[in-house]
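The next block holds one structure in the form of C-alpha cells; read it before the comments.
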Amino acid sequence: MTAPQTQPMTPDELEAALRKIGAERYHSLHPFHDLLHGGKCTREQVQAWALNRYCYQSAIPRKDAALMARCDDRELRKEWLHRITDHDGLEGEEGGIDRWLVLTDGLGFDRDYVISKQGALPATKFAVEAYVRFVAEKTLLEAVASSLTELFAPNLHKQRISGMLEGYDFINDKVVAYFRRRLDQAPRDAGFALEYVKTHAKTVEQQQAVLAALTFKTEVLWAQLDALYMAYVSPAMPAPGAWRPGEGIMKAIGAAA
C-alpha cells in the first residue's frame, strides 16, 4: 500500500507521478487495442470501434468550451481556443471531426447515421458525457489535468497508423489522416497542460486532485473499450438499439477510396 502523501511533490515529482498513471492505466494497454493494431479485428469490429469513438471525438469541443466558459484567465482561454477549432475546423479548413468522418466514410458508414450517434453503445454515451460533466463541474485545475492523457497519445497513434495500414486491406493512408494530424497537435497541447498543472498544483490536496483527474480520464477511455470488447468481441452482446453489422451502411460499399 502506498503511503499517504504528506508533503507537496516538486514539479518534476508530480510529472513523474502523472506519467506513472499513463504507464499503468492508459487505454493503449487494453486488449481491444492489441486486436485492432495487430490486424486481428474483423471489419465489423473496426466499424464498431470507429462508430463509437465518434461520440468521444464529437464531444471534445464541447468539453473544451465548458472549460473556457468558466475560465477568467484570458491567456489560458487564448491558448485553449485552438483545441476547439482543431476539432470543429474553421471556414474552409477541416477539423478533426471531419477527418474522423473520412474514416467512417471509408468503413462504409452513412455520415448521417454516424453523426446521429444512434448506434453507439450506452456505455460509450455515458462515459463520454461523464467526461464532459467532469470538465464542466470540477476545478479548473482538475479540468486541465484531465486532458493529460494526450501525453501518451502520440505513441498510440503511431501504433494505430502502422498497425491498421499493415493489417487491413480496407484501410489506407487517407482514412488515417486524423491520427497523423494528432501526432503534432497532441504533444503541443499536452506540453502546455503539463506545465500549467506543474505550476498551479502546489499543495498536497491540489496534487492529489490532478492525479485523480488524470486517473478518471484514463477510466473514461478504458470503459469505452471495455464496452466495445464485450459488445463486439466477447461475449459479443451489443445492447438493445446499439449498432449491428449492416446497419447505417451506405448502399455502395467498397474498399476505402
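Restricting segment 100-128 to residues that are out of contact with any Ser or Thr (no Cβ under 9 Å at 6 or more places or on another chain) and among the β-branched types (Val, Ile, Thr), the residue that is nearest to residue 241 (Cα to Cα) is 124. Of all the numbered requirements in (1) more than 22 Å from residue 36 (Cβ to Cβ); (2) part of a helix (DSSP H, G or I); (3) over 13 Å from the mean Cα position of the chain (by Cα), residue 118 misses one, and that requirement is (2).
There is at least one residue in segment 13-34 that is in contact (Cβ under 8 Å) with a residue 60 or more places away in the chain, among the basic types (Lys, Arg) and under 18 Å from residue 148 (Cβ atoms). Right, residue 131: out of contact with any strand residue (DSSP E or B) (no Cβ under 7 Å at 6 or more places or on another chain), assigned to a helix (DSSP H, G or I) and within 17 Å of residue 241 (Cβ to Cβ) or not? Against the criterion (out of contact with any strand residue (DSSP E or B) (no Cβ under 7 Å at 6 or more places or on another chain), assigned to a helix (DSSP H, G or I) and within 17 Å of residue 241 (Cβ to Cβ)), residue 131 does not qualify. Considering 256, 209, the condition of being at pLDDT below 95 and open to solvent by less than 40 Å² (accessible area, probe 1.4 Å) is satisfied by 256 alone.
Report yes if some residue within segment 136-150 is assigned to a helix (DSSP H, G or I), under 28 Å from residue 49 (Cβ atoms), of a type in the set (Asp, Glu) and under 13 Å from the mean Cα position of the chain (by Cα); otherwise report no. There is at least one residue in segment 136-150 that is assigned to a helix (DSSP H, G or I), under 28 Å from residue 49 (Cβ atoms), of a type in the set (Asp, Glu) and under 13 Å from the mean Cα position of the chain (by Cα). Within segment 131-149, the set of residues being free of Cβ contacts under 8 Å to residues at least 12 places away in the same chain and of a type in the set (Asp, Glu) comprises 137 only. Is at least one residue of segment 95-109 open to solvent by 10 Å² or more (accessible area, probe 1.4 Å) and among the hydroxyl-bearing types (Ser, Thr, Tyr)? Checked segment 95-109: no residue is open to solvent by 10 Å² or more (accessible area, probe 1.4 Å) and among the hydroxyl-bearing types (Ser, Thr, Tyr).
Any residue in segment 97-110 that is among the β-branched types (Val, Ile, Thr) sitting within a Cβ distance under 8 Å of a residue that is assigned to a strand (DSSP E or B)? List the pairs, counting only those 6 or more apart or interchain. Filtered contacts from segment 97-110: no entries.
Condition check ((1) within 24 Å of residue 64 (Cβ to Cβ); (2) of a type in the set (S, T, N, Q); (3) in contact with a Cys (Cβ under 7 Å, 6 or more places away or on another chain)) across all residues:
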position: 100; (1), (2), (3): yes, no, no
position: 109; (1), (2), (3): no, no, no
position: 139; (1), (2), (3): yes, yes, no
position: 184; (1), (2), (3): yes, no, no
position: 193; (1), (2), (3): yes, no, no
position: 200; (1), (2), (3): yes, no, no
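Taking the conditions (1) open to solvent by less than 40 Å² (accessible area, probe 1.4 Å); (2) of a type in the set (A, V, I, L, M, F, W, C); (3) out of contact with any Asp or Glu (no Cβ under 8 Å at 6 or more places or on another chain); (4) at pLDDT 95 or above in turn, residue 237 satisfies each one other than (1).
Residues checked against (1) over 14 Å from the mean Cα position of the chain (by Cα); (2) open to solvent by 50 Å² or more (accessible area, probe 1.4 Å); (3) closer than 23 Å to residue 60 by Cα:
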position	(1), (2), (3)
158	yes, yes, yes
192	yes, yes, yes
195	yes, yes, yes
224	no, no, yes
230	yes, yes, no
241	yes, yes, no
245	yes, yes, no
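The values are calculated or read from the model by the stated rules, or taken from the named source; none is laboratory data. Just so it is clear, the structure is predicted and the values come from calculations on it, not from any experiment. For neighbour counting, all protein chains shown are included, and Cβ atoms are generated from backbone atoms with ideal geometry for every residue, glycine included. What goes into the accessible areas is simple: the full protein's heavy atoms, side chains included, and nothing from ligands, DNA or RNA. Shrake-Rupley method; radii C 1.70, N 1.55, O 1.52, S 1.80 Å.
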